[in-house]
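Each reported figure results from applying straightforward, stated rules to the coordinates on display, with no laboratory input. The shown structure was predicted, so the numbers you read here are calculated from the model rather than taken from an experiment. Cβ coordinates were reconstructed from backbone atoms using ideal geometry, including for glycine residues, and neighbour counts include every protein chain displayed.
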């Protein structure tokens, strides 16, 4: 936590921002998909097939998830067809909004996914390599369905840089610069993953989340590092995030969505109960 | 029962179809004026921009068809806004069923950084007063919008974002909801079911 003075200011700011708004902070489980199946470890009872992303997604929706992200990490030529079929199955079953990402690089890719019932799509490396893609997607489908995913890492110089290809390729572009440009081009939300924090369970990257969320006119979904319920509390207050995404803590039932939402609600965060 | 979804150039209606399917309702998606006029219920969906949507409707005379309907009609999101008299979005004259004006959200200095436009996410509907909301008391619904219908005599549900506004409107056989019932979990499913059960 920050020093007491800073904490009070942030608390007052949070209350002020909620004064005129009943808008809830969103809890977003993320499912990684490979060849149509959920990957990473999953530890669920009462679910017939833990590898089926549709069934797991439905379970999260039932537990009160506000939104779902399905990230396809398949790397085969059959990929596109498998993904659109999967999206179609998800859309039949899931009654909350969901985002699909992974390897999307054209208006045609997006068109197929939306026709199969996706609410939003997320783009990452392809949009950085070809920023015009964001303009084209926003014009064709509206900004409301265009999520820009950014993988970012804080270097020794203290700045946050954009990384591509799942974090394998460093760029010289600052995260804040790319985020601003992307929003101007038509991105409707930013899904921000801190590579420094991802997998650590030591908390979200509050500084960069706050910087983007308080300076950009679009919602910021914070990702990477959520390990305790307090981390979510911090990212919504100090980080000023609009939504928080996590994967394994939900998959392994280290934190359940109803418990998390109850915890946040008790502490004055506006959540959907 | 025959349920028609108005087909036009505003957004994809796949999720509305799937939501109805989960309620065991098979709908037809059509811009055929006869099909729409003879349906038992009509859903008028929409995500997009007001002036292009109105132009499309006028060119196909769908504006006249919709306003002449006597069966229950449910406008969703942009569909609801188009059922109002006028929208600030590109200064567009709309269908003039509800006289509540549609305005753009504006931030003033008292709003802290972090209030975003469009509103994206779950918000509460309250002061609900219609059979459309039977069994739904202070439910949370999913919203995505930059424009809102003001409060007025046709308001049947209120939501707060920057200020209170109409999250649902009703006049005679016409209903409109600003949120997306097809994406609003059990609450949304109940509202769609209530609409289906209207007589």
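Things worth noting here:
- Average other protein chain Cβ within 10 Å of Cβ, residues A:111-117: 2
- Here the simple spin-label model places points 7 Å from the Cα toward Cβ, and for residue B:171 and residue A:180 these points are separated by 4.5 nm.
- Peptide B:138-148 has a mean shielding of 3, counted as Cβ atoms of other protein chains within 10 Å of each residue's Cβ.
- DSSP beta bridge pairing in chain A, given as percent antiparallel to the nearest 5: 20 percent
- Share of pairwise Cα separations in chain A, more than 33 Å, in percent: 16 percent
- Residue mean of other protein chain beta carbons inside 10 Å, B:178-190: 3
- Ranked A:151, A:177, A:52, B:63, criterion: other C-beta atoms within 10 Å, fewest first: A:177, A:52, B:63, A:151
- Ranking of B:169, A:31 by neighbouring Cβ atoms within 10 Å, starting from the fewest: A:31, B:169.
- Counted by neighbouring Cβ atoms within 10 Å, the residues A:220, A:39 run from fewest to most as A:39, A:220.
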